[in-house]
Amino acid sequence: MSQFPNLRMRRRRYDERVRQLVRETRLSVSDFVLPLFIKHGEGVRCPIASMPGHCQWSLDQLPQEIDAITARGIDKVLLFGIPEHKDERGSHSLSDTGIIQQAIRTIKEVAPQLLIISDVCFCEYTSHGHCGVLNNTDGTGDVDNDATIELLGQQAVSLAKAGTNIIAPSANMDGMVQAIRNALDDASFENTPIMSYAVKYASAFYGPFRDAAEGAPQFGCRKTYQMDVANGNEALLEATLDVKEGADMFIVKPAHTYLDIIHQVKQHFPSMPLGAYHVSGEYAMIKAAAEKGWLDEKTAMLEALTAIKRAGADFIITYAAKEVAESLR
Ligand code: PBG
């Protein structure tokens, strides 16, 4: 009698029910956080060309979109704001009547069950488009780290006052998490968690986002504060620092092109909840290829998100949350 082959791997693959039974990674709607772009003005529902399916919403249009989101079972959103006026210090973001502060109140009214995560950064609010204040104003300035973290603390407190559930700082400044933690604690928001973008690369895949948030740097680039895309070990040092500074959970960003980093960070910090940000360019490239008929959008999107979870992400920030939620039903 022939001994070969004893184990036929294909036996597990013939029947979809068996495939399901032995599946190792399962996506669920509760894994997803959906980013939203809120813009000043009225009647604004402006489609973002490089991110099909996404719009900039004004406050009066927001409730309709919130209904569409909650109807699909999505219960977590991440907010980005586009203010009417930008200045060198991004002062709009510190105001209690700032665009995101108002959006938080609007969402709390129409859907109090929604978890609101607020991005904390300055690039959408500064006239120069950098993620903090500059140390000079002649157009060659560098972001002043220590002045910026102080302001990030103020922005976080203002967002917490407005009712955000979680603070998500993305400016990549040194000491940012600790400065925000101290500011929140001093203002009696010791129970507001910090979801830190601990590992954030200077990636070309943020391109479409910069259109959506109208926050591209007007000169220079972000390589003096965001990580070099070639560095993997450095991610562990960044993550270690954020744990020490008091981060409650991490984000690795981008996600689809950084699966090795997600895996390493999860292996080294198994007890830290880990989010992965499937960024605008990673979303747009699947959309664009699908538009050309080069791949099947739904299966490609599910495959990308499954890979991100398989690599070790506990939750995924993705622009595809709405459509994927639909197909997971
Ligand atoms: C703000 C911020 C950016 C993204 C999220 N928060 C842009 C950047 O850092 O340049 C990018 C997200 C995406 O591309 O989807 N600092």
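The values are calculated or read from the model by the stated rules, or taken from the named source; none is laboratory data. Quantities reported herein were computed from a predicted structural model and do not represent experimental measurements. For neighbour counting, all protein chains shown are included, and Cβ atoms are generated from backbone atoms with ideal geometry for every residue, glycine included. Accessible surface is based on the protein model in full, side chains and every heavy atom, while ligands, DNA and RNA are left aside. Shrake-Rupley method; radii C 1.70, N 1.55, O 1.52, S 1.80 Å.
Numbers for the structure displayed
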| item | result |
| --- | --- |
| Of all residues making up the range 218-235, the number that are open to solvent by less than 30 Å² (accessible area, probe 1.4 Å) and modelled with pLDDT of 95 or more | 3 |
| Filtered residue count, the range 207-217, keeping only those that are open to solvent by 10 Å² or more (accessible area, probe 1.4 Å) and within 9 Å of the ligand (Cβ to nearest atom) | 6 |
| Residue tally, condition out of contact with any strand residue (DSSP E or B) (no Cβ under 9 Å at 6 or more places or on another chain) and over 11 Å from Leu27 (Cα atoms), over the range 289-326 | 14 |
| Check on Met173, more than 15 Å from the chain's Cα centre (by Cα), more than 10 Å from the ligand (Cβ to nearest atom) and open to solvent by less than 10 Å² (accessible area, probe 1.4 Å) | no |
| Residues of the range 110-124 satisfying the condition of being in contact (Cβ under 8 Å) with a residue 12 or more places away in the chain and over 22 Å from Ile251 (Cα atoms) | Val110, Ala111, Gln113 |
| Unmet criterion (only one of (1) open to solvent by 60 Å² or more (accessible area, probe 1.4 Å); (2) touching a residue at least 60 places away in the same chain (Cβ under 8 Å)) for Glu245 | (1) |
| Test: residue in the range 130-143 that is part of a loop (DSSP other than H, G, I, E, B), away from the ligand (no atom under 11 Å from the Cβ), touching a residue at least 12 places away in the same chain (Cβ under 8 Å) and touching a strand residue (DSSP E or B) at 6+ places or on another chain (Cβ under 6 Å) | yes |
| Residue within the range 308-327 that is modelled with pLDDT under 95, surrounded by fewer than 23 Cβ atoms within 10 Å (Cβ to Cβ) and over 18 Å from the mean Cα position of the chain (by Cα) present | yes |
| Wholly within the range 7-90, strands (runs of 3 or more DSSP E) carrying at least 2 residues that are in contact with a Leu (Cβ under 7 Å, 6 or more places away or on another chain) | 32-39, 76-82 |
| Of all residues in the range 297-329 being small (Gly, Ala, Ser) and in contact (Cβ under 8 Å) with a residue 40 or more places away in the chain, the one that is farthest from the ligand (Cβ to nearest atom) | Gly312 |
| Residue match in the range 183-194 (condition: touching a residue at least 40 places away in the same chain (Cβ under 8 Å), surrounded by fewer than 22 Cβ atoms within 10 Å (Cβ to Cβ) and of a type in the set (D, E, K, R)) | no |
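Conditions tested, residue by residue: (1) at pLDDT below 90; (2) surrounded by 22 or more Cβ atoms within 10 Å (Cβ to Cβ); (3) of a type outside the set (A, V, I, L, M, F, W, C).
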{"site": "His92", "(1), (2), (3)": "no, yes, yes"}
{"site": "Ser95", "(1), (2), (3)": "no, no, yes"}
{"site": "Lys108", "(1), (2), (3)": "no, no, yes"}
{"site": "Ala111", "(1), (2), (3)": "no, no, no"}
{"site": "Asp119", "(1), (2), (3)": "no, yes, yes"}
{"site": "His130", "(1), (2), (3)": "yes, yes, yes"}
{"site": "Ala156", "(1), (2), (3)": "no, yes, no"}
